[in-house]
Amino acid sequence: MAKVKSVNTSPERGTGKVPVEVVLLVPGRGIEGDGHAGPGSRQVSILAWGSLEKMRTPGLKPYPGCCGENIDVDRCVELYSILPGTVLAVGERARLRITGIGKDNSDGHADRVIRGNVFPKEGAFAEVLTGGEVRPGDTLNVPRTEGFTAAVLTVSDSASRGDYPDESGPAVMNLLNEAGYTVVRYYVEPDEPGLLESRIAAWCDDGFTDVLFTVGGTGMSVRDITPEVTSNVCSRDVPGIPELMRLKSSEITSAAWLSRARCGIRERTLVVNLPGSVKASVECAGFVLPVLDHALEILRGDVAHCGSSA
């Protein structure tokens, strides 16, 4: 489970922040006593420690608050793929809603806080919905009030380069939203094993996601490596789900039998490979959604076992 690493404040804007023992989040304003407190969409700034570790400015060693962020979280959390609108529970009471990822740094103002400032690319802004104290060691999670959370990861060299816009990932997200899922993450990744493996692992390990759908990379091209990566990062296989997708898809096209899609479990997240085309990805997701609820309940610990007594 993800945790808060540091909480940081400063009385003025445009400066690095200093770690403190505890902060008080005030609804609609931000952190009491912080220079950025006030109404608007940028009440609180958040950065993952993994992002800070990417800073390679000679002579500078990153430290909590150095990029002007209020809250630093574990390196396992990948903040910049979280979708705006996602609600995070922090500590015992506080609730934040993500309002944006990164910010414009074309005038270089962020680099005046610290050279090589990573926040404009990978930091997150949030507004305070529910107030409360937050301190290092507090948990950070997506509250499960109703339904399940989902993430969509499109795997495509061309789409990641910007050769064309990804249409399959957003189509799957629309289907999930209509089915009552809360989609908390979306990203387009090239067909690179190391990058893909790291991202799937990160999305599973912080506990924000109940089911992760990959889109693409399930065919026979030399660059189609999504099934192999899925097997590498997952501790257990769930062969019935891809078998169901192939069976149902074969009723539409015999080419479905060429799919190498896999499904597995990492921590408490189910990882499902979908094909890359818009039509096939939506169809296959639709085939498996009716059987997922019970599986996700078991993974979350909502039910103790699969069977039921007569």
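Each value in this text was obtained by applying a stated rule to the coordinates, not by laboratory testing. Everything quoted here is computed from the prediction, not taken from an experiment. Glycine gets a Cβ as well: all are built from the backbone with ideal geometry, and neighbour counts include every protein chain shown.
Couple of notes before you dig in:
- Cα long-axis angle, helix 240-250 against the chain (0 to 90 degrees, to the nearest 10): 60
- Rough spin-label spacing in nm, given labels placed 7 Å along Cα→Cβ, for residue 291 and residue 83: 2.5
- The chain - Kirkwood radius from inverse mean 1/r over Cα pairs (Å): 20.5
- Proximity of backbone amide H atoms, modeled 1.01 Å from N, is registered between residue 183 and 150 at under 5 Å, excluding neighbours fewer than 5 places apart on the same chain.
- If R0 equals 35 Å, the separation of the Cβ atoms of residue 15 and residue 195 corresponds to a calculated FRET efficiency of about 0.55.
- Highest mean first, the peptides 111-121, 273-283 sorted by other C-beta atoms within 10 Å per residue fall in the order 273-283, 111-121.
- Antiparallel bridge percentage (DSSP; both residues within the chain; nearest 5): 65
- Listed peptides 103-109, 80-86 appear in the order 80-86, 103-109 once ranked by packing, highest mean of other Cβ atoms within 10 Å at the front.
- Between residue 56 and residue 121, the distance separating the two model label sites (each 7 Å from Cα on the Cα→Cβ line) works out to 1.0 nm.
- In degrees, nearest ten, helix 278-300 long axis to first principal axis of the chain (Cα): 70
- Comparing 295, 201, 151 in a Gaussian network model of the chain where C-alpha atoms under 10 Å apart are linked, the largest mean-square fluctuation is found at 295.
- Among beta bridges identified by DSSP and lying wholly in region 151-310, the antiparallel ones come to about 30 percent.
- In terms of distances greater than 32 angstrom between alpha carbons, the cross-link table entries 3/121; 3/103; 103/279; 61/103; 54/279 yield 103/279; 54/279.
- Neighbour cut-off at most 12 other Cβ (10 Å), DSSP loop, trypsin sites (Lys or Arg not before Pro), region 1-82: 13, 54, 56
- Region 185-256 and region 37-57: distance between their alpha carbon centers, rounded to Å: 30
- Quotient of the Cα radius of gyration of region 27-177 and 2.2 N^0.38 Å, N being its number of residues: 1.13.
- Cα long-axis angle, helix 193-205 against the chain (0 to 90 degrees, to the nearest 10): 70
- Within region 194-235: backbone nitrogen closer than 14 Å to the residue 277 label point (7 Å, Cα to C-beta): 216-220
- Spin-label model, residue 265 to residue 93: label points 7 Å out along the Cα-to-beta-carbon direction sit 3.7 nm apart.
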